[in-house]
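The structure appears below as structure tokens.
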Amino acid sequence: MELTRRGALTGALATTVAGAIGLTPRWAHAKIELSGTSVEVLSDGHLTLPGDFIFGPMPEAELTPVLQPFGLTPDQPLTPECNLTLLRKDDMVVLFDAGSGASFQDSAGKIMDALSAADLAPEDVTHVVFTHAHPDHLWGVLDDFDEPLFYEAKHLIGKAEWAYWMDPATVDTIGAERAAFAVGAKRRLETMADAMQFFEDGEEILPGVAAHMTPGHTPGHMSFEIRSGSESVMVLGDAIGNHHVAFARPDWPSGSDQDQPLAAATRNKLMERLASEQMRFVGFHLPGGIGRAERDGSSYRFVAHEG
Ligand SMILES: [Zn+2]
């Protein structure tokens, strides 16, 4: 299915489906307290995606029983949550990703409500750190007047991710279904260029926050390990992008990833580490945001955070 799908992604379908299912956004919900550091989830609302946007490349006969426990069939629309991560430590108020803003899907772009529920204004945010530059993670960086929303903040993005979306050739090589993503990313990154700082794989980008290159979903996708003493939390972005299939079959290709084999290799490596270290994580599109991965035979299971 082609993403003339932009119509489906952004159009009336999104509103209708969300309305029919009765989804209500959850503001400022789950939270993890480490010593001297808090990690909270802020909801930016949710998206509505055609099922095959994710499930398209998967083997259908094997997929059906994997989806069954979730009451899903491969052709049903999905309504993934959008969960931003907020880190508070000393004087730092760090937002991981900026959400969708006003011009992607009506059901997303709710960060202002989530911030006020957390008693914060955009100018209180000291750093905005990007996992990658897809619309639901980047487009909220500008306000309704195309001005920087977090105007007091330093903005940080991985060098490779920046280079990919700033490359004028990307709009032609990314494929027709994501061409609008390329145009939208370049315009916003150009607007933010003066506020932007760059980092590479393995760098400690802020005290207690290390960047890990987790490519495949996008070429320069980054995840972030937040450490305080012996405790840690991984901000995954979309390196593990859904709870229906990614844990049960991390090696399957997902239609939402730009380089599907590379994304699967990244996902396998991450799962292995998260499960063996029992590290908590925040996944942008995982239900409630926070959870753990548990081994389940030769695959894994998502365990949602309680409390
Ligand atoms: Zn996403």
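Structure values in brief
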{"item": "Candidates I240, I205, filtered to the one that is of a type outside the set (D, E) and surrounded by 23 or more Cβ atoms within 10 Å (Cβ to Cβ)", "result": "I240"}
{"item": "Out of A12, A18, A30, sole residue that is modelled with pLDDT under 90, surrounded by 16 or more Cβ atoms within 10 Å (Cβ to Cβ) and more than 17 Å from the chain's Cα centre (by Cα)", "result": "A18"}
{"item": "Qualifying positions in the stretch 68-91 - closer than 11 Å to H244 by Cβ and out of contact with any Gly (no Cβ under 9 Å at 6 or more places or on another chain)", "result": "Q68, P69, F70, G71"}
{"item": "In the stretch 83-117, the residues that are within 14 Å of D143 (Cβ to Cβ), in contact (Cβ under 8 Å) with a residue 24 or more places away in the chain and over 15 Å from the mean Cα position of the chain (by Cα)", "result": "A102, S103, L115"}
{"item": "Residue in the stretch 156-179 that is farthest from M196 (Cα to Cα), counting only those that are in contact with a strand residue (DSSP E or B) (Cβ under 8 Å, 6 or more places away or on another chain) and among the hydrophobic types (A, V, I, L, M, F, W, C)", "result": "A160"}
{"item": "Members of the stretch 256-307 that are of a type in the set (S, T, Y) and either within 21 Å of H217 (Cα to Cα) or modelled with pLDDT of 95 or more (or both)", "result": "S256, T266, S276, S299, Y300"}
{"item": "Check on P253, at negative phi, within 16 Å of the ligand (Cβ to nearest atom) and touching a residue at least 12 places away in the same chain (Cβ under 8 Å)", "result": "no"}
{"item": "Residue identified as in contact with an Asp or Glu (Cβ under 8 Å, 6 or more places away or on another chain), within 15 Å of the ligand (Cβ to nearest atom) and hydrophobic (A, V, I, L, M, F, W, C) among M222, M213", "result": "M222"}
{"item": "Test: residue in the stretch 138-155 that is part of a helix (DSSP H, G or I) and over 17 Å from the mean Cα position of the chain (by Cα)", "result": "no"}
{"item": "Sole exception among (1) crowded, with 22+ Cβ neighbours inside 10 Å; (2) more than 15 Å from the ligand (Cβ to nearest atom); (3) within 23 Å of D52 (Cα to Cα) for M234, by number", "result": "(3)"}
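Rundown of residues vs (1) touching a helix residue (DSSP H, G or I) at 6+ places or on another chain (Cβ under 6 Å); (2) under 28 Å from E33 (Cβ atoms), yes/no style:
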| position | (1), (2) |
| --- | --- |
| D90 | no, yes |
| D97 | yes, yes |
| F104 | yes, no |
| S107 | yes, no |
| M112 | no, yes |
| A118 | no, yes |
| F150 | yes, yes |
| A182 | yes, no |
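Conditions (1) within 16 Å of the chain's Cα centre (by Cα); (2) free of Cβ contacts under 8 Å to residues at least 24 places away in the same chain; (3) within 15 Å of the ligand (Cβ to nearest atom), marked per residue:
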position: L270; (1), (2), (3): yes, no, no
position: S276; (1), (2), (3): no, yes, no
position: G289; (1), (2), (3): yes, no, yes
position: E294; (1), (2), (3): no, yes, no
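Conditions (1) more than 29 Å from E203 (Cα to Cα); (2) surrounded by 15 or more Cβ atoms within 10 Å (Cβ to Cβ); (3) within 16 Å of the ligand (Cβ to nearest atom), marked per residue:
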{"residue": "T64", "(1), (2), (3)": "yes, no, no"}
{"residue": "D75", "(1), (2), (3)": "yes, no, no"}
{"residue": "P80", "(1), (2), (3)": "yes, yes, yes"}
{"residue": "L84", "(1), (2), (3)": "no, yes, yes"}
{"residue": "M92", "(1), (2), (3)": "no, yes, no"}
{"residue": "D97", "(1), (2), (3)": "no, yes, yes"}
{"residue": "Q105", "(1), (2), (3)": "yes, yes, yes"}
{"residue": "A121", "(1), (2), (3)": "no, no, no"}
{"residue": "F130", "(1), (2), (3)": "no, yes, yes"}
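The values are calculated or read from the model by the stated rules, or taken from the named source; none is laboratory data. Because the structure is a prediction, the values reported are computed rather than measured. All Cβ positions, glycine included, derive from the backbone under ideal geometry; neighbour counts span all protein chains shown.
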